[in-house]
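J.: This structure is in structure tokens; I'll ask about it shortly.
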2 protein chains.
Amino acid sequence: MSDGTGDLLAEQQRYYAARAPEYDDWWLRRGRYAGEPEEERRWLCDVAELEESLRRFGPRGDVLELAAGTGLWTRRLVPLAERVLALDANEETLALNTPAAERVVADVFAWRPPRRFDLVFFSFWLSHVPESHFERFWRLVREALAPGGRVFLIDSGPRDTEPGDERQVRQLADGRQFRIVKRFWRPAELAGRVRSLGFELELAVTANGLFLHGGGAPR
Amino acid sequence: MSDGTGDLLAEQQRYYAARAPEYDDWWLRRGRYAGEPEEERRWLCDVAELEESLRRFGPRGDVLELAAGTGLWTRRLVPLAERVLALDANEETLALNTPAAERVVADVFAWRPPRRFDLVFFSFWLSHVPESHFERFWRLVREALAPGGRVFLIDSGPRDTEPGDERQVRQLADGRQFRIVKRFWRPAELAGRVRSLGFELELAVTANGLFLHGGGAPR
């Protein structure tokens, strides 16, 4: 297999399709994801902080969720929004998402928004966008936003990683391995980068450092 | 099999042990639980209302969760409480609960509280307590409460059922059938009943009628 980005992204997509049935175990800290009590308490506190952050931000109107996956956040957006379009590359994950959202299977890098949205939301997605696709992704976000529209994102908190290293190897419960993209962003670093692309985002890290979150709008 | 309540409760317990791996599908409306979009939207709105109701109530201190199950609510209590003891009759469900809670496998009707708690919480449990065990259950709640301690409950919303009918037959995804207890309470009816047992609870039904919720304290 070549190491071109296209192949890597295709492999990443297959990983999330295969991981669909066990994806929520990570979020719920079950099975091989379960840690020590104090570690799990910190996780749950940071999750509660994310939920509060999203509530304060106040999603409303017509919401587009990119890489919506199994619906961990789609289910929170639906009661706050007028309607939610949940986009994902894999039908395996969308099948586990909520029927309360309009579910569309599409490659985010090939998709064109059918209408303009009041909010574009994505969680645990931006860290999987490689540098080669970063600007293209934010152009899509801009194109998808109605006048006055906003962006909210959630992702992994910053980690110490080698500069320029954006690949990881992930393993499923059954041992199958996949190469994926994973980039850890610091809040100021990401805010600065997207400012150069025309977005003003207010980003923060949760109290225990586990998650990055925040929102804003195009300038 | 005799139709004694003991047998019925034992069968109910086995049902929830066997249902553990598929329990959350009900809450997340997956697979055979998935309904029409508008129905699912109502469900998610009522779930959000429950979460807001619990937040307003303000769980704190040392919390006892009875029939904690797979942890749908345990995970919300942990970030709000100082500590959480999660009790359940089945280790199969507690294994899916969070390590952030102290997990105890015990029959709630045979268990004695090891300490006094600031909050006793139970969700989708009271409707499974048969009339024969109802007063005993509330005596346990009283015994488990510290001075100033409070109670919060969540359960199914009221349904039209035959008076006196407290049995249901439930079927797992694989077709296995179990008899369980299921009693649907109206808020005023339940508040009146527990008032006679010395509890003052403020109960309500969510906007779409799906859930019963509320809290209070012994008088």
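J.: How about the stretch A:182-206: which of its residues are touching a strand residue (DSSP E or B) at 6+ places or on another chain (Cβ under 6 Å) and of a type in the set (D, E, K, R)?
T.: A:LYS182, A:GLU200, A:GLU202 - these are the residues of the stretch A:182-206 that are touching a strand residue (DSSP E or B) at 6+ places or on another chain (Cβ under 6 Å) and of a type in the set (D, E, K, R).
J.: Does at least one position in the stretch B:49-60 carry a residue that is more than 13 Å from chain A (Cβ to nearest Cβ), surrounded by fewer than 17 Cβ atoms within 10 Å (Cβ to Cβ) and farther than 26 Å from A:LEU54 by Cα?
T.: Within the stretch B:49-60, none of the residues are more than 13 Å from chain A (Cβ to nearest Cβ), surrounded by fewer than 17 Cβ atoms within 10 Å (Cβ to Cβ) and farther than 26 Å from A:LEU54 by Cα.
J.: How many residues does the stretch A:83-99 contain that are open to solvent by 20 Å² or more (accessible area, probe 1.4 Å), under 21 Å from B:ASP24 (Cβ atoms) and in a loop (DSSP other than H, G, I, E, B)? Before the answer, list the steps.
T.: Here is the first cut: in the stretch A:83-99, the ones open to solvent by 20 Å² or more (accessible area, probe 1.4 Å) are A:83, A:89, A:91-92, A:95-96.
When the remaining residues are screened for being under 21 Å from B:ASP24 (Cβ atoms), the result is A:91-92, A:95-96.
Next, only the ones that are in a loop (DSSP other than H, G, I, E, B) stay: A:95-96.
Looking only at that region, the number is 2.
J.: Could you please find all residues in the stretch B:11-21 being buried (at least 16 other Cβ atoms within 10 Å of the Cβ) and either closer than 16 Å to B:ASN208 by Cα or within 13 Å of another protein chain (Cβ to nearest Cβ) (or both)?
T.: B:ALA20
J.: I've got another one for you. Which ranges mark the strands (runs of 3 or more DSSP E) fully within the stretch A:140-212 that have 2 or more residues being closer than 17 Å to A:SER123 by Cα?
T.: Fully inside the stretch A:140-212 and qualifying: A:145-156, A:177-181, A:199-205.
J.: To continue, here is another question. Which ones in the stretch B:171-187 are touching a residue at least 12 places away in the same chain (Cβ under 8 Å) and open to solvent by 10 Å² or more (accessible area, probe 1.4 Å)? Walk me through it before giving the result.
T.: First, the residues of the stretch B:171-187 that are touching a residue at least 12 places away in the same chain (Cβ under 8 Å): B:172-173, B:176, B:178-187.
Of everything in the stretch B:171-187, those that are touching a residue at least 12 places away in the same chain (Cβ under 8 Å) and open to solvent by 10 Å² or more (accessible area, probe 1.4 Å) turn out to be B:ALA173, B:ARG176, B:PHE178, B:ARG179, B:LYS182, B:ARG183, B:PHE184, B:TRP185, B:ARG186, B:PRO187.
J.: Only one of B:GLY31, B:GLY35, B:GLY69 is buried (at least 21 other Cβ atoms within 10 Å of the Cβ) and either farther than 21 Å from B:ALA204 by Cα or aromatic (Phe, Trp, Tyr) (or both). Can you tell me which? Walk me through it before giving the result.
T.: Details: B:GLY31 fails: buried (at least 21 other Cβ atoms within 10 Å of the Cβ); B:GLY35 fails: buried (at least 21 other Cβ atoms within 10 Å of the Cβ).
After applying the criteria, what remains is B:GLY69.
J.: Let me ask another. Exactly one condition in (1) outside any helix (DSSP H, G or I); (2) open to solvent by 40 Å² or more (accessible area, probe 1.4 Å); (3) under 18 Å from B:TRP125 (Cα atoms) is not met by B:LEU80; state its number.
T.: Going through (1) outside any helix (DSSP H, G or I); (2) open to solvent by 40 Å² or more (accessible area, probe 1.4 Å); (3) under 18 Å from B:TRP125 (Cα atoms) one by one, B:LEU80 breaks only (3).
The values are calculated or read from the model by the stated rules, or taken from the named source; none is laboratory data. Keep in mind that what you see is a predicted model, and the values were worked out from it rather than measured. Ideal geometry is used to build each Cβ from the backbone, glycine not excepted, and the neighbour counts take in all protein chains shown. Please note that ligands, DNA and RNA were not included when accessible areas were found on the heavy atoms of the full protein model with its side chains. Shrake-Rupley method; radii C 1.70, N 1.55, O 1.52, S 1.80 Å.
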